[in-house]
Every structure is written in structure tokens, then in C-alpha cells.
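A.B. asks: Once you've had a glance at the structure underneath, I'll fire off some questions.
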Amino acid sequence: MPENWLSRLKQVWKDRPRRRTMVVTDVTRMEGSRVCVGGYLEDGRAVRPLVGRTGPDEAWLHQATGAPVSPFAVVDLRLSGRPRGSTAPHTEDRLTPQRGRLVQRVLTAQEQIALLERTCSPAVRDIFGAEIQAEPAGAWGRYVRSGQGVRSLGTVKASEIEEVIFRRFADRGRWEYRLRFRDAAGEVYQLAVVDLAFRRQLDALRDSGLAPHDAAAAMRDGLRGQRVFLRVGLARGWDKHPDRCYLQLTGVYGFAEAGPG
């Protein structure tokens, strides 16, 4: 049997639909009701389940058996291979059906910390296996070139939380959610936050009567008193910049600092 056919058969076997156990680490807001979900399989591989051409959506999160799909949920689901056209750095993409998810449980706080520690990179620049590009003129945008890199999801620890930015752009009719932080290498980033829970917290503070800048300050001060892990992901290119995959925060997780003794 020709070698190329053998390798193709091996790939087909590897990509066959199978039930797997995934721990969710990222639930993020996309356009409209669409969301993006990321996590890790039992063997440590990172995955991003994709449903059809546009999913998953928020309904997909809530229609799981047992409980909603949420950060640190342990989910049993069927996964197959990568969708056609999937390219680096989004190597985690895997297809999953619309139905058939079972949430088994949610990790304890100690298990959550252990998972984040296990997936942690020394610094943001070490995550993707590709050079991080900067926009000119001192802008905060950071991106990786489409087609480069070995992954699009990772974890770092924040050595300092500098600022939370929460404001509305009237001309766009939308809110902006950003976090400025310093990583262990001393580099400062100000990235868009697409973490669904983080956004909802800010929205709830605003809706309770706080001014947006006061809501942002409350979130900042709360994070400063915690041990903070940040999930960093790469967005996909779009019409304006099809060749750029911008860095964004897909998860912001704070844990109480352990006391003495």
C-alpha cells in the first residue's frame, strides 16, 4: 500500500467520531448569540468544538444534559476531526454534533488551579509558537500572522493587573471590555476580553447602578487581591485583516491567595 494512502488511512482512523471527555476552560462571546468553547481532553490536548458552520451558540451551552456547559465543567461529547479549511494557528478546531453533550461535574477550585498551572506558559510570547506582531504608533493591538504558530489557546499568570476598561462606543452601539496586565516577563498587554462570564459581571455591575468606570474599578480592585490566571486566545482573521489573528482574553480567573501556614 502506498505510503501516502497509509498515512491518510491513519488520519481517518484518528479523526473518526469518538466520545471524549473535555474540561472546559473558555466560554467566550462572539457575534450575536454565537459563542466559542475551548478546553482540554483527558490526554491533555487542547480542543475547540465547532458545531456546523456558525455554532455553537448560547442555546448549545444550555441544552446539555446534566447542567449547562460552563468554565471548568467536565463534559462528555462526541468529537471528530478538523473541519475543512482549518489552518494554523487554530489547530484545536474539532467538529462536534448539535446534540449529545453530558456535563458530568464541575472541577473544584483546587482542580481548576491545578489545570491552569499545568497549561501555563512562562509568558504570553511563549504560547503560540509564532512571533507576536504589534500594531504601529504605540497601539495596543497584538496579533499572530494567519498560517503561523502551533496553537491558538494558552494560559499565563498575571504578575500585575493594571486596569480594566469598560466603556460604550456610541457610534458603534456596542460596549468595549479590555484588561491591561503585566505578565511574568514584564511585558504589558491591553487585550479585548471575550470571556462571557467576565463581561456579564461588568454588565451586572453597570445595571445595578454603577457608572461604567466605577464598575471597571471594582473589577480591577477585586482581581488585584487575587491570584489571576489568564486564558489567552487568537481570534480569526476578518475582512479588514484576513491575515491577522489578534490576541484576546478568553478567560479571566481569580483565586484567593493562600494565607500563611
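A.B. asks: Per residue of the chain, what 222 nm ellipticity follows from adding -39500 (n - 2.57) for every DSSP H run with n ≥ 4, rounded to the nearest 500?
C.D. replies: That calculation yields -6000 deg cm²/dmol at 222 nm.
A.B. asks: Using just the Cα positions, wrap the stretch 112-256 in a convex hull and report its mean projected area in square nanometres, one decimal place.
C.D. replies: Mean projected area of the Cα convex hull: 9.3 nm².
A.B. asks: Between residue 110 and residue 239, what's the calculated FRET efficiency when r is the beta-carbon distance and R0 is 41 Å? Round to 0.05.
C.D. replies: 0.40
A.B. asks: Extending each Cα 7 Å along its Cβ direction at residue 162 and residue 120, get the distance between those two points in nm, one decimal.
C.D. replies: Spacing of the two 7 Å Cα→Cβ label points: 2.1 nm.
A.B. asks: Quick one: give the max-minus-min coordinate of the C-alpha atoms of the chain along each principal axis, largest first, in Å.
C.D. replies: Ordered largest first, the chain gives principal extents of 65, 45, 45 Å.
A.B. asks: Sticking with this one: Taking θ as phi - 60°, what are the ³J(HN,Hα) couplings along the stretch 100-115 by the Karplus curve (6.51, -1.76, 1.60), each to the nearest whole Hz, with x for Gly and Pro?
C.D. replies: Taking θ as phi minus 60°, the curve returns x, 9, 10, 8, 7, 5, 10, 4, 5, 4, 5, 5, 4, 4, 4, 5 Hz for the stretch 100-115.
A.B. asks: Starting from the eigenvalues of the Cα gyration tensor, five times each then square-rooted, give me the equivalent ellipsoid semi-axes of the stretch 3-107, largest first, whole Å.
C.D. replies: Equivalent-ellipsoid dimensions as semi-axes: 24, 16, 12 Å.
Each value in this text was obtained by applying a stated rule to the coordinates, not by laboratory testing. Computed from a predicted model, the values in this text were never measured in an experiment. Here the Cβ is made from the backbone with ideal geometry for all residues, glycine too, and neighbour counts use every protein chain on show.
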